[in-house]
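Before any comments, here is the structure.
Values quoted throughout were computed directly from the atomic coordinates according to the rules given, and no laboratory measurement underlies them. This structure is a prediction, so every number in the text was calculated from the model and none was measured. When we count neighbours, we look across all protein chains shown, and the Cβ atoms used for this are built from the backbone with ideal geometry, even at glycine.
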Amino acid sequence: MNPTVKILPQGRSIRVRKNIVLIDALQEAGVNPISFCNKQGLCGKCFVEILKGKPPKPDTREKEFLARKRLPGNFRLACLYRITGDLTVRIPEAARLSLMPVLKHGYRRTILPDPAVRKVVFAPFRPPDLASPLSLSDQIRAYFPRLGKKASPALLKDLAALQDDPSGKATAIVYDGTEILDFEAADTAEQNFGLAVDIGTTTLVAELVNLNTGKTIEAATALNGQSRFGADVISRITTVFQDPLKSEALRTAVLDSLQAMVEGMLEKHHIPARHVYEAVIAGNTAMNHLFLGSPVKTLAVSPYHAVFSALPPLPASETGLRMNPRGKVYVAPNIKSFVGGDIAAGLAAIDLARQKGDFLFIDLGTNGEIVLKRGRQFTATSTAAGPAFEGMNISHGMLAVPGAVYKAEDADGLKLMTIGNRPALGICGTGLIDLVSLFLDRGAISRQGRITGREKKIGVGPDLFLSQKDVREVQLAMAAIKTGIRLLLGLHKLAVTDLDGIYVAGAFGNYLNIPNSMKLGLLPRLERKKIMFVGNSSLAGAKALLVSRQERVRCERLAQRIRHVSLATDAAFQKTFIGALEFGAWT
Amino acid sequence: MNENDLFKEMTQAIVEGDRNAAAALARKAVDQNLDLHEVVEKGYIPGIQKVGDLWERGDYFLPELITSAESMKAAMAVLRPAMERAKIADLSRGRVVIGTIEGDIHDIGKNLVASMLAANGFEVKDLGADVKLERFLQSAQDVKADFICLSALLTTTMLGQRRFMELLKERGLRPQFKVLVGGAPVNQKWADSIGADGYAENALAAVKLAKSLGRKG
């Protein structure tokens, strides 16, 4: 007999196969507990409460988690739990994956709209002359002498429908001045839309853009549905590595997330999908590959090469994205395996190539990418900062979503600020930086990262604390970024003080406290005004590439000439990294 | 200075990661014709053990671990030739071949394990990063290793650890070596599933594990 699992708080019951792992059963039922570790029992995020049924003995790691999180004995990791009999489980709110807004910040410069997609209205069809009836295609050629010849037979088939429109007008959708994508009846010139999309490993952000004006009509955020195949890029690549058929599942997962988000935006503004003619996608190299279903095997094994860097605009129908099927999807050019299209787009967003002087561009994420511009030379690298700043591997860490402590101050005692002013559920990256810096000031943490108190734990709030291991995780993440900056500067014989500015991109946005980041050593010490936040520069860049053909050309050229260096193979890496683990301001 | 005070200073030099002091004290011991076996056992080993305790308590982190391991190395560099001259019995707790597996270029963690093993009296041959499976096998045979330590930092490259176990079996060499695996994505479950002899979460745990498994009989 198949066991029944009752899932609370939904109250739903499901029949499952015997011996199936609980998290798999839950996922099949459409419930997605958070798992950052590819369901390996490593991240300790998918705890569920076993209300009825006999839980097996926890394994050693599980026991540690239980103790650390002070959970009652009937909590178990869903990914380690094999179902043997009937069961009632409760999924705690903190363990549920749900669509939530992510902090968003804009950095915009002004660009003259010059979209690839143009709408050309024309009054096409003269009444046929009986003496010499001109075919519809010949008439099109008369209007578009250069382009008309290339219009595909598929398009011409639809021409007949156009002449019935009472307005007597038709609209041609012209791409890049060289291709007719489609014809529409009547004057639809105002209906010209595009999508700018940032595919992050954790979150997707998209903007619906009026291509004629370059203005954003709507923005939306969603979790990347690939998360259930693993939290980080490598575990997703591994999924495909072990089973190449999964490539399609990963592609569909991100596509579905994107689709739902886009449909929501379109519905809200009563825009039909066929009026979306172009989408620009900016993601890291692996995300770009997975989105297109390209093989990712080589990305995670030395020498870590990619299948593609820059691609021409692709027919939308080939990508599966629901928009005008004759429209185009453009993927921002990848620089190298570990420095992708999101970074190329980010550089386009701030137009780094046109700025005079020496600059650093740092994208603070799980994979901390760093680009140094020295004069006209660009060098990029990536550092394995790990997901500590996204709240992972931290006892009470969480993403920057409502309830997260994002800011902390020392004002007659600890003052915590949470997103949405909710009761504190956990600590996100910026909150973590504030807290560690504050405890460093108080002497509760030494420069070496040792918690000085006997308890090896620092209370932050009710049921919130920092453990010694949490501080170590912050040290590792900080040291990775610091090492990247130091080695890149060293390679170019530059000192921090030589820099004209540092751009900081990433989900941190404006909440990153700069003095605190400098005090920890995450950012080098530099005049405050030289440090500029650019928020989600990947999205801003995707939009720039969407509304301006010129930006696209420049971005591709820049991506081509950026030199990539691998830090791990640098002889000085280990020494620099170990030295960088100590907290403290540096220049 | 009496011997016990000298031993205490040696222990202290290792705990504090004072390389110069560790080497200077070792020279003093050689000059004074002390029993070098005793010097190691009572002076230096307690130091590295204390470092292990401090690591486990969370007081020490990677930088402290490394400077202590380097101090140990500096002391042993002085003591070892003298011990050889005096034909004092081999201190070795076992021979280790270690490296990061093919396809993977990450090696800080592996380097730490290597230095802590060396600091604790193992003879370590470090093959570096991105090491072909065949090379592990060849080196292990060449040096007559007791242990083969395979590191992998990516879930993709960790599959190489399984291939290595298969290779060992194919060649009929499985009983000759004890295979230890480690790396960020690796855990005990994985080690068990590929039939490795052990898994260690960090450098100190690796030392404990290797000691508990002991050299082959």
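So the values come out like this:
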{"item": "Averaged over B:177-188, number of beta-carbon atoms from partner chains that fall within 10 Å", "result": "2"}
{"item": "Only Lys, Arg (+1) and Asp, Glu (-1) charged, at Cβ; the range A:330-444 dipole about Cα centre in debye", "result": "400"}
{"item": "Vicinal HN-Hα couplings computed from phi for the range A:528-540 (Karplus, 6.51 cos²θ - 1.76 cosθ + 1.60; Hz; Gly/Pro x)", "result": "3, 6, 8, 9, 10, 7, 10, x, 7, 6, 5, 5, 4"}
{"item": "Nearest-ten-degree value, helix B:133-142 long axis tilted from longest Cα axis of chain B", "result": "50"}
{"item": "Global geometry of the range B:92-156, whether rounded, prolate or oblate, following the gyration tensor of its Cα atoms and the 1.5 cut on a/c", "result": "oblate"}
{"item": "Burial ranking of peptide ranges A:332-341, A:482-491, A:291-300 (average Cβ count within 10 Å, highest at the top)", "result": "A:332-341, A:482-491, A:291-300"}
{"item": "Prolate/oblate/rounded call for the range B:106-217, Cα gyration tensor, a/c under 1.5 rounded", "result": "rounded"}
{"item": "Contact order relative to length of chain A, as percent, for alpha carbon pairs under 8 angstrom and 6 or more apart", "result": "13"}
{"item": "Residues whose placed amide H lies under 5 Å from that of A:Val276, excluding near-sequence neighbours", "result": "A:Asn324"}
{"item": "Order of A:Ile237, A:Ile14, A:Ile50 under a 10 Å beta carbon neighbour criterion, fewest first", "result": "A:Ile14, A:Ile50, A:Ile237"}
{"item": "Sorted by Cβ density within 10 Å, fewest first, the residues A:Tyr277, B:Tyr60", "result": "B:Tyr60, A:Tyr277"}
{"item": "Trypsin sites (Lys or Arg not before Pro) within the range B:19-66, DSSP loop, no more than 15 other Cβ atoms inside 10 Å", "result": "B:Arg57"}
{"item": "Sequence of A:Glu473, B:Glu84, A:Glu218 once ranked by neighbouring C-beta atoms within 10 Å, starting from the fewest", "result": "B:Glu84, A:Glu218, A:Glu473"}
{"item": "Value of relative contact order over the range B:128-217, rounded to a whole percent, pairs C-alpha under 8 Å and six or more apart", "result": "27"}
{"item": "Between the range A:171-214 and the range A:217-233, the alpha-carbon center distance in angstrom", "result": "22"}
{"item": "Amide H partners (placed H, <5 Å) of A:Thr383, local residues excluded", "result": "A:Gly368, A:Glu369, A:Ile370"}
{"item": "Among A:562-571, A:250-259, A:444-453, the order from most to least packed when residues are scored by Cβ within 10 Å on average", "result": "A:250-259, A:444-453, A:562-571"}
{"item": "Within straight-line cross-link reach of A:Lys328, aspartates and glutamates at Cα separation under 15 Å, skipping those fewer than 8 residues along the same chain", "result": "A:Asp176, A:Glu179, A:Asp182, A:Glu278, A:Glu318"}
{"item": "Rounded to whole Hz, the Karplus (6.51, -1.76, 1.60) HN-Hα couplings of the range B:26-38, x for glycine and proline", "result": "5, 5, 4, 4, 5, 4, 8, 6, 6, 6, 5, 4, 5"}
{"item": "Selected from A:Ala404, A:Phe183, A:Ile485, residue furthest toward positive end of dipole (chain A; charges at beta carbon)", "result": "A:Ile485"}
{"item": "On Cα atoms only, tilt of A:429-442 relative to the major axis of chain A in degrees", "result": "30"}
{"item": "DSSP-assigned coil residues among GluC sites (Glu not before Pro) in the range B:118-217, each with at most 15 further Cβ atoms within 10 Å", "result": "B:Glu201"}
{"item": "Other-chain or far-sequence residues with amide H under 5 Å of A:Phe47's (modelled H)", "result": "A:Ala78"}
{"item": "The range A:372-508, dipole about Cα centre (Lys/Arg Cβ +1, Asp/Glu Cβ -1), debye to the nearest 20", "result": "500"}
{"item": "DSSP-assigned coil residues among trypsin sites (Lys or Arg not before Pro) in the range B:71-128, each with at most 14 further Cβ atoms within 10 Å", "result": "B:Lys87"}
{"item": "Two-site label geometry, B:Arg163 and A:Leu491: point separation in nm, points 7 Å out along Cα→Cβ", "result": "2.8"}
{"item": "Cα gyration tensor shape for the range A:353-458, rounded if a/c is under 1.5, else prolate or oblate", "result": "prolate"}
{"item": "Size of charge dipole - the protein assembly as shown - debye, nearest 20, with Cβ of Lys, Arg +1 and Asp, Glu -1, no other charges", "result": "600"}
{"item": "Cα Rg over Rh - chain A, Kirkwood", "result": "1.03"}
{"item": "Average beta-carbon neighbours from other chains, 10 Å sphere, peptide A:578-584", "result": "3"}
{"item": "Acute angle (nearest 10 degrees) that the helix A:233-242 long axis makes with the longest principal axis of chain A, alpha-carbon atoms", "result": "80"}
{"item": "In sequence order, calculated HN-Hα J values of the range A:158-168 (Karplus, 6.51, -1.76, 1.60; Hz; x Gly/Pro)", "result": "7, 4, 4, 5, 5, 6, 7, 5, x, 5, x"}
